[in-house]
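Data block below; observations after.
The values are calculated or read from the model by the stated rules, or taken from the named source; none is laboratory data. It should be emphasised that the depicted structure is a prediction, and the values quoted were computed from it without experimental measurement. In this analysis, Cβ positions are derived from the backbone assuming ideal geometry, glycine residues included, and neighbour counts consider all displayed protein chains. Note: areas computed on protein heavy atoms with side chains; ligands, DNA, RNA excluded. Shrake-Rupley method; radii C 1.70, N 1.55, O 1.52, S 1.80 Å.
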Amino acid sequence: MNIEDQSISEPDVWDPFEGWTARQIELIDAFEQILARANRDLNLVSRASAHDIRSRHIIHSLAIALREIPAGCSVVDWGTGGGLPGIPLAIRFPDATFHLVDSVLKKTRAVESFCRELGLQNIVVHRLRAEEWTIPVDYAVSRATAPLLTLWRWTEPVLRDVATPGEGAWPSGLIALKGGDLREEIAALRRSFGNVSVEQIALEQMRGKCIVLVERRRSNVERRAQFRSDP
């Protein structure tokens, strides 16, 4: 395993709502209520965690906002389920376009309804399998959808590079929310794709979970330039 895959960064305590406008706060509060209401009938999130949608689902999704998604970029959310992490991220980054992909009709219909009710214009919902996706994107995101190897197999063929990510922005890649011991998942990924770099980022609010960034391998000079201003 490459030494890059073993490093885990641990930022200081992070405020997922820092810098938000009053309208964004209003939207995320409304989404929490809408999701809780719909979940009673549709089981979009685990019933065991449905009592705590804010911290167990919305805050986890917003961990991806630890770094910026630049305006004008395109993001695909693999297996969006109830709109997670795509809807919270679309609220946080209104100038990026989010493609929410799921193969289950009741889920895509629910997410389309959420977007209409919230008035979100930067989301497109797609009912199809991830393997069928062909539109180029700058980023892929995922929350507890599949192993890293599977996620990267979906992502790598459609991933284009953001030419200049800018200060504090993610480089083009897969940004996944994961929990548990990831050593075997990372090893399996590297056995099939030797040209990837993997970074794990732990956050106190994540309760044992972390963000995993997978990107095409870059030179050390390129990586230092991209991450020199990370939070």
What does the highest-first list of 105-117, 140-152 look like by mean Cβ count within 10 Å?
140-152, 105-117
Ignoring ligands, DNA and RNA, what accessible area per residue does the chain give at 1.4 Å, in Å²?
46
Under 5 Å between amide hydrogens, which residues at least 5 positions from ALA169 or on another chain qualify, with H placed 1.01 Å from N in the peptide plane?
GLU68
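Share of antiparallel DSSP beta bridges in the chain, in percent to the nearest 5?
Percent antiparallel among DSSP bridges in the chain is about 35.
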Which ³J(HN,Hα) values, rounded to whole Hz and listed in residue order, are derived for region 133-138 from phi using the Karplus coefficients 6.51, -1.76 and 1.60 in 6.51 cos²θ - 1.76 cosθ + 1.60 with θ = phi - 60°, glycine and proline given as x?
6, 10, 6, x, 9, 8
Identify all lysines with a Cα-Cα distance to LYS209 below 21 Å; exclude those on the same chain that are fewer than 8 residues away in sequence.
LYS178
For VAL124, what residues show an amide H to amide H distance below 5 Å, using hydrogens built from the backbone and excluding near sequence neighbours?
PHE98, HIS99, LEU100
Explain nothing, just the number: dipole magnitude of the chain about its Cα centre with +1 on each Lys and Arg Cβ and -1 on each Asp and Glu Cβ, in debye rounded to the nearest 20.
620
For helix 22-42, what angle does its Cα long axis make with the longest principal axis of the chain, in degrees from 0 to 90 and rounded to 10?
70
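Suppose R0 equals 35 Å; then what is the FRET efficiency for ARG183 and VAL104 from their Cβ-Cβ distance, rounded to the nearest 0.05?
Numbers: r = 31 Å, r/R0 = 0.88.
With R0 = 35 Å, the Cβ-Cβ based efficiency is 0.70.
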If the chain between GLU26 and TRP14 were fully extended at 0.36 nm per residue, the gain over the current Cα-Cα distance would be 2.3 nm
